[in-house]
Amino acid sequence: GQTITLLEQNNWDLVAAINGVIPQENGVLQSDYGGETLQGPAYGPTSHPTASSSTPSSSSAFRHVVPSRQIVERQPRMLDFRVEYRDRNVDVVLEDSCTVGEIKHILENELQIPVSKMLLKGWKTGDVDDSTVLKTLHLPKNNSLYVLTPDLPPPSSSNSGALQESLNQNFMLIITHREVQREYNLNFSGSSTIQEVKRNVYDLTSIPVRHQLWEGWPPSATDDSMTLAASGLTYPCHRLTVGRRSSPAQTREQSEEQCTDVHMVSDSDGDDFEDATEFGVDDGEMFGMASSALRKSPMMPENAENEGDALLQFTAEFSSRYGDCHPVYFIGSLEAAFQEAFYGKARDRKLLAIYLHHDESVLTNVFCSQMLCAESIVSYLSQNFITWAWDMTKEANRARFLTMCTRHFGSVVAQTIRTQKTDQFPLFLIIMGKRSSNEVLNVIQGNTTVDELMMRLMAAMEIFSAQQQEDIKDEDEREARENVKREQDEAYRISLEADRAKREAQEREQAEQFRLEQIRKEQEEEREAIRLSLEQSLPPEPKKESTESVSKLRIRTPSGEFFERRFLASSKLQVVFDFVASKGYPWEEFKLLGTFPRRDVTQLDPNKSLLEVKLYPQETLFLEAKE
């Protein structure tokens with residue numbers, strides 16, 4: 001107990017503790033407790049690691065000697081604890097005057113675990129409670145503990161967390177328009193609703209929401225207000241099919257409503273325009289009263305700020321007049337239509353068809369109903385063209401298109417369109433994209449037939465296909481060159497990474513070797529300091545002419561060398577152990593064996609004298625390394 005107290009007073013510095021109690025003139029340990037004479041402390045496993053942390057070099061063995069009667073004021077000793085809880089580590093630093101309960105209170109704030117639910121484990125001694133003072137446990141500076149919470153359930157991922165993650169994901173909906181066999185790839189966030197999807201599809205297909213007939217929605221998608229994340233869609237892609245619902249014969253009430261207003265607004269969706277065909281308007285009536293009724297709603301608003309909004313109205317109005325079997329008009333600006341048709345990969349490029357509508361032309365209704373709405377024309381345009389439309393009826397819209405035409409195709413094409421008379425409309429422009437400019441391949445007037453229109457579309461397609469094959473060849477060659485360059489760049493990058501990894505490995509190996517060498521040096525310096533302190537603490541060797549009883553010991557080392565020394569027969573066996581340790585053979589690493597009879601001397605009581613353990617008057621011992 002006194003040895004522990006002395007070590008605590010010197011912050012577990014073994015050399016400082018020894019020098020603080022040994023007067024240099026006689027080498028005897030003087031205790032501060034009642035003047036009792038103590039022998040030098042044994043070199044043991046408890047003092048070994050702490051000495052290394054407190055004694056950086058062998059110079060500490062030569063510190064200033066503290067007078068034997070001076071009371072050393074104890075400095076607070078800091079203890080480091082690394083506490084593990086599930087997948088977390090918490091570092092706690094406390095003075096050794098604190099209690100175990102104070103550690104728990106710190107962990108309560110860090111881990112959000114009540115102290116009452118916490119079991120702090122990992123102590124080297126058994127009897128530890130919250131009131132235990134840390135210094136009474138004689139702990140090393142660095143300690144590892146762990147927390148158990150048997151009364152708390154293990155953490156688990158909640159459904160709400162998974163749903164929140166789904167809301168932040170993007171779903172790709174691949175929607176096939178059944179009637180025209182066209183696919184749309186639409187991106188929606190998980191927080192979008194089914195109703196929003198149906199509204200967007202209405203914008204693309206002109207099928208009002210309440211007339212949309214869907215296939216492919218999951219069984220759980222029962223409510224249009226449901227989000228896509230909660231509807232059970234396949235992530236990241238899901239396929240759907242939409243078509244127009246076959247409506248039954250109109251009721252008398254619907255017929256009366258038709259007479260009042262052909263453009264009946266859908267009950268389920270205020271943005272949906274009903275189809276005129278569903279109210280009994282057929283192609284033959286287009287020249288009569290029905291035609292004049294339809295004209296109440298223009299194909300396109302005058303001075304529309306946004307081309308996309310104008311095209312939405314155009315598509316809805318076209319559907320209501322001529323039915324749903326019509327070209328799928330691109331919704332967006334003319335520049336966006338160029339981008340879609342001309343600037344993708346060469347294999348995906350298409351011709352651009354621009355339909356110029358004019359309500360005042362006598363050819364318009366025939367051209368739209370018999371040519372543009374013919375299934376063969378609709379199918380061919382859908383497969384090979386991006387179709388964009390504009391209404392030239394209003395002067396403001398006409399001037400706006402001529403400005404766009406001049407910008408994109410030049411003044412010659414704009415002048416050609418400007419000189420067209422009203423009765424020559426509608427016009428159908430076929431545009432092919434080229435590297436430097438966009439070329440107008442054909443301007444088709446309204447006085448044509450289905451066969452002639454198809455032949456001119458096919459002729460334009462032949463020209464485009466020849467150009468497309470050249471573009472594909474050039475693109476493939478360019479991609480091949482780029483692939484070679486990418487492979488070379490990747491190989492170079494991998495080579496650099498390998499060189500850097502090799503260099504870093506060498507640096508780490510050198511650093512590790514340096515660290516191990518430093519540790520080895522520190523350990524050697526520590527051992528040397530302890531050996532010197534033990535050597536200095538030994539009582540002087542009795543002289544040959546001494547009148548007291550003297551024991552002569554001859555000790556053989558594992559390497560075969562011998563060293564001899566005389567000891568007083570009254571000396572404690574501990575003095576022999578200290579002498580052997582001062583020669584570099586500490587008793588925790590080596591055992592001292594007698595010859596006749598063979599016995600392990602290190603197992604004997606170190607406080608007995610040499611006479612009592614029968615190492616008198618002389619004895620030969622040998623050292624053997626412990627296993």
* Asked: Do we find that Thr222 is modelled with pLDDT of 50 or more, polar (S, T, N, Q) and either in contact with a Gly (Cβ under 6 Å, 6 or more places away or on another chain) or open to solvent by 40 Å² or more (accessible area, probe 1.4 Å) (or both) in this structure?
  -> yes
* Asked: Does Arg418 meet the test of being at pLDDT 90 or above and over 55 Å from the mean Cα position of the chain (by Cα)?
  -> no
* Identify all residues within region 79-109 that are charged (D, E, K, R) and more than 30 Å from Glu8 (Cα to Cα); write none if there are none. => Arg86, Asp87, Arg88
* Pair list, Cβ under 9 Å, 6 or more apart: region 464-483 residue at pLDDT below 90, other residue exposed (fewer than 10 other Cβ atoms within 10 Å of the Cβ) -> Asp471/Arg435
* Which one is farthest from Glu196 (Cα to Cα), of the residues in region 225-242 that are surrounded by fewer than 16 Cβ atoms within 10 Å (Cβ to Cβ) and more than 31 Å from the chain's Cα centre (by Cα)? -> Thr241
* To do: Search region 76-118 for residues being in contact with a strand residue (DSSP E or B) (Cβ under 8 Å, 6 or more places away or on another chain) and polar (S, T, N, Q), and hand back the single one that is nearest to Asn143 (Cα to Cα).
  => Asn89
* Structure fact -> How many residues of region 300-337 are outside any loop (DSSP other than H, G, I, E, B) and open to solvent by less than 30 Å² (accessible area, probe 1.4 Å)? The answer is 16
* **Members of region 102-129 that are surrounded by 14 or more Cβ atoms within 10 Å (Cβ to Cβ), touching a residue at least 12 places away in the same chain (Cβ under 8 Å) and within 27 Å of Ile4 (Cβ to Cβ)** => Ile103, Lys104, Ile106, Leu120, Gly122, Trp123, Val128
* To do: Could you look through region 374-388, keep only residues that are surrounded by fewer than 19 Cβ atoms within 10 Å (Cβ to Cβ) and not polar (S, T, N, Q), and pick out the one that is nearest to the chain's Cα centre (by Cα)?
  => Tyr380
* In region 351-373, what residues are open to solvent by less than 10 Å² (accessible area, probe 1.4 Å), closer than 14 Å to Tyr322 by Cα and of a type in the set (Gly, Ala, Ser)? -> none
* If the Cβ limit is 8 Å and pairs must be 6+ apart or interchain, which residue in region 67-96 that is within 10 Å of Ser144 (Cα to Cα) and basic (Lys, Arg) pairs with which residue that is at pLDDT 85 or above and open to solvent by 70 Å² or more (accessible area, probe 1.4 Å)? -> Arg82/Asn89; Arg82/Asp91; Arg82/Asn142; Arg82/Ser144
* Kindly indicate whether Leu610 is closer than 30 Å to Asp13 by Cα, open to solvent by less than 60 Å² (accessible area, probe 1.4 Å) and without any contact (Cβ under 8 Å) to a residue 60 or more places away in the chain. => no
* Structure fact -> Inside region 615-627, the number of residues satisfying the requirement of being over 20 Å from Lys543 (Cα atoms) and at pLDDT below 90 is 2
* **Residues that are part of a strand (DSSP E or B) and either surrounded by 11 or more Cβ atoms within 10 Å (Cβ to Cβ) or among the small types (Gly, Ala, Ser) (or both), drawn from region 90-100** => Val90, Val92, Leu94, Glu95, Thr99
* To do: Confirm whether Leu534 is touching a residue at least 60 places away in the same chain (Cβ under 8 Å), part of a helix (DSSP H, G or I) and among the aliphatic types (A, V, I, L, M).
  => yes
* Structure fact -> From the option list Gln212, Gln169, Gln195, Gln164, single residue qualifying as within 43 Å of the chain's Cα centre (by Cα), open to solvent by less than 50 Å² (accessible area, probe 1.4 Å) and either modelled with pLDDT under 85 or among the basic types (Lys, Arg) (or both) is Gln169
* For Val576, which of the numbered conditions (1) assigned to a strand (DSSP E or B); (2) touching a helix residue (DSSP H, G or I) at 6+ places or on another chain (Cβ under 9 Å) fails to hold? -> (1)
* Structure fact -> Note on region 425-467: residues of a type in the set (A, V, I, L, M, F, W, C) and under 27 Å from Lys394 (Cα atoms) are Phe425, Leu427, Phe428, Leu429, Ile430, Ile431, Val440, Leu441, Val443, Ile444, Leu453
* Do we have any residue at all in region 295-303 that's basic (Lys, Arg) and closer than 22 Å to Phe401 by Cα? -> yes
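The values are calculated or read from the model by the stated rules, or taken from the named source; none is laboratory data. This structure is a prediction, so every number in the text was calculated from the model and none was measured. Positions of Cβ are backbone-derived with ideal geometry, glycine not excepted, and every protein chain shown enters the neighbour counts. All accessible areas refer to the heavy atoms of the entire protein, side chains included, with ligands and DNA or RNA removed. Shrake-Rupley method; radii C 1.70, N 1.55, O 1.52, S 1.80 Å.
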